[in-house]
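Structure first, commentary second.
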Amino acid sequence: MLAIRFLLELVAIASFGVYGWRAFDSPWKFLLVVLLPLIAAAAWGTFAVPGDPSRSGAAPVAVPGPIRLLVELAVLGGGAAALWAADLPRWALISALILASYQALAYDRVVWLVKA
């Protein structure tokens, strides 16, 4: 499950870059291709629940489990939304379906985050 979540994270972060490239025609798109994925990756790596077994256990910024769950949904779901906004609806739906399937299969982690 950790490998699937890692792949979902990579796809989501790359999706923000795709959005930056496809949504803007100005020279700003070159900055957005780099900046949007960096923001998503920073949010993902910064906010953590202390003692999270799927991470090193360290938390740069300790947050309660429900907040971490919101961060995860914002980054992973935001990746699907970014693909939709980049006019790639088929890829957005595939990404959203895989994300929903993962969350259903990882229900024990979701329950742990809600209770943490």
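Coordinate-derived values only; no laboratory data. All figures in this text were calculated on a predicted structure; none of them were measured in a lab. As a convention, Cβ positions derive from the backbone with ideal geometry for all residues, glycine included, and neighbour counts pool all protein chains shown.
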Note on the chain: the mean projected area of its alpha-carbon convex hull, in nm², is 6.8 nm²
State, as an integer percentage, the relative contact order of the chain based on alpha-carbon contacts under 8 Å between residues 6 or more apart.
28 percent
When the chain is treated as a Gaussian network with springs between alpha carbons less than 10 Å apart, the largest mean-square fluctuation among Pro89, Pro53, Pro64 is found at Pro53
I'd like the distance between the alpha-carbon centres of segment 100-114 and segment 17-65, rounded to an integer number of Å.
21 Å
Residue-count net charge about Trp44 - beta-carbon cut-off 11 Å; Lys, Arg +1, Asp, Glu -1
+1
Of the DSSP H helices in the chain, the ones reaching 27 Å or more along their long axis in Cα terms and averaging at least 0.5 in Kyte-Doolittle hydropathy are 2-23, 65-85
Provide the net charge surrounding Glu72, with neighbours chosen by a C-beta distance below 14 Å and charges set as Lys +1, Arg +1, Asp -1, Glu -1.
+2
What does the net charge come to around Ala12 if you take all other residues with beta carbon closer than 12 Å to its beta carbon, with K and R at +1 and D and E at -1?
-1
Roughly how big is the chain's charge dipole about its Cα centre, with Cβ charges of +1 (Lys, Arg) and -1 (Asp, Glu), in debye to the nearest 20?
80 debye
